[in-house]
Structure formats: structure tokens, C-alpha cells
Amino acid sequence: MKLFVALLVSALAISSSFAFDPSQLQDICVAVDEPKNAVFVNGKFCKNPNLTVADDFLFRGINIPRNTNNSVGSIVTMVAVDQLPGLNTLGISLARIDYAPSGLNPPHIHPRATEVIMCVQGELYVGFVLSNQLGNRLTAAVAISSLSSQNPGVITIANAVFGSKPPINSKVLTKAFQVDKKIIDYLQSQFWYNNHS
């Protein structure tokens, strides 16, 4: 029995030491929907490298301002592997975020990526949820976000908590947020806008 436990522990230790994101096996792996004569890598099929063209690595329109006339006053133009197939297996994506004056990008997380953001125009009030001090003058702004994943995902907190289907039990939310049930009922009844295009 001791030998079996020792072998089991060794096997688990060895298998976990090899758990990592795979390195690229080829220079490029342009994502394609059609698997004919393709290789499946990182959730996408790879185009034959001999058939790649410059347009596989081109996204037109990141320079075009988008309409921010919506309930949150912002719009996100995502450029990930689904919009730019040449990003497949490169572990990177980017987004343009247009803001109206006083617009916001609702609190969110990227479950598969780290994000770096650069304000290109205007001023942004950004950061961690640590403080409630707003002293900034609010202007229209544009930001470029770079993410450490070809498919970073996004979870908008308000949508996930108050717009989930089926809804999270109001008793749980009332206790978690320490507010009256009427507030939770009101928040769950709202339409939560998705500003990611």
C-alpha cells in the first residue's frame, strides 16, 4: 500500500510539473473555421502556413471612433483572434475603448488575461476598486488596451451578478451587499448594457 501511495504521489507530481501553456509549434497559426487539412491548436484550426496572406494579419478600423451614445457612454472595439485570425497562438489581443464625457467602462475582469491600458486622448479615471474619491474633470477620452491573451474573455461584474440567468438568489445578494431586498430586486430588474462589440 505504501508503495502504491508513493507511486501515486510521484505520478501526480510529475504530471503537474508538465502543466503549462504550450509553446508555439510553428511561426504562425492563422485561425480558420474550416478544418479541412488544418491542425487544431489553442481552440482554433490553423490555416496551412503556405496559404497565409497579409490580410490574415490586418484589422481595419481601430482608428475609427465608435458611437458612445448608450447607457454607459462607452463602446469597446475588441481585436482578438476572432477579429484578427493571425493572432492565433500569439497570446495577445487589443481593444479600442471610446468614451463619451462622463462615460464609463463598467467594472469587469478578464479571466484569461492581464490588461495594460494607455489613454490616447482625453483623461481617464481608472484603477482598482479601492477609493470613492472623484476629483477629476471628465472629458471625452480614447484608450487602447493590450491584453495578454488571444481570447481574454470579459466578465462585466454588474451583468454577472444582477443579470445572471437564472438569477442569483436575492437572499444571497442582500447578505453579500448588505442592502435591502428592494434594492437587489430593482438591480435584478434592470437591463444591463454590454458595451463590448
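Taking H as built 1.01 Å from N, whose amide H comes closer than 5 Å to the amide H of residue 121, not counting residues under 5 places away?
Hits under the 5 Å cutoff: 142.
Return the distance in nm (one decimal) between the two label points of a simple spin-label model at residue 40 and residue 62, each offset 7 Å from Cα along Cα→Cβ.
Distance between the two pseudo-spin positions: 3.0 nm.
Accessible area per residue for region 154-196 in Å², computed with a 1.4 Å probe and the full protein assembly in place, what is it?
Working: 3150 Å² over 43 residues.
Per residue, region 154-196 has an accessible area of 73 Å².
Taking the simple approach of a point 7 Å from Cα along Cα-to-Cβ for both residue 194 and residue 118, what is their distance in nm?
Using points 7 Å along Cα→Cβ, the separation is 2.9 nm.
Sort 83-90, 161-168, 106-113 by the packing proxy (mean of other Cβ within 10 Å over each peptide's residues), most packed first. All intermediate terms of the calculation are to be shown ahead of the outcome.
Values: 83-90: 21.5, 161-168: 12.9, 106-113: 15.1.
Final packing ranking: 83-90, 106-113, 161-168.
Provide the per-residue ³J(HN,Hα) series for region 49-61, in order, calculated from phi with Karplus coefficients 6.51, -1.76, 1.60 and θ = phi - 60°, each as a whole number of Hz, with x at glycine and proline positions.
x, 6, 9, 6, 10, 4, 5, 5, 10, 10, 10, 9, x
The values are calculated or read from the model by the stated rules, or taken from the named source; none is laboratory data. All values reported here derive from a predicted model rather than from experimental measurement. Don't worry about glycine lacking a Cβ; one is built from the backbone with ideal geometry, like all the others, and counts go over all protein chains shown. Keep in mind that these areas ignore ligands, DNA and RNA; they rest on the heavy atoms of the full protein, side chains included. Shrake-Rupley method; radii C 1.70, N 1.55, O 1.52, S 1.80 Å.
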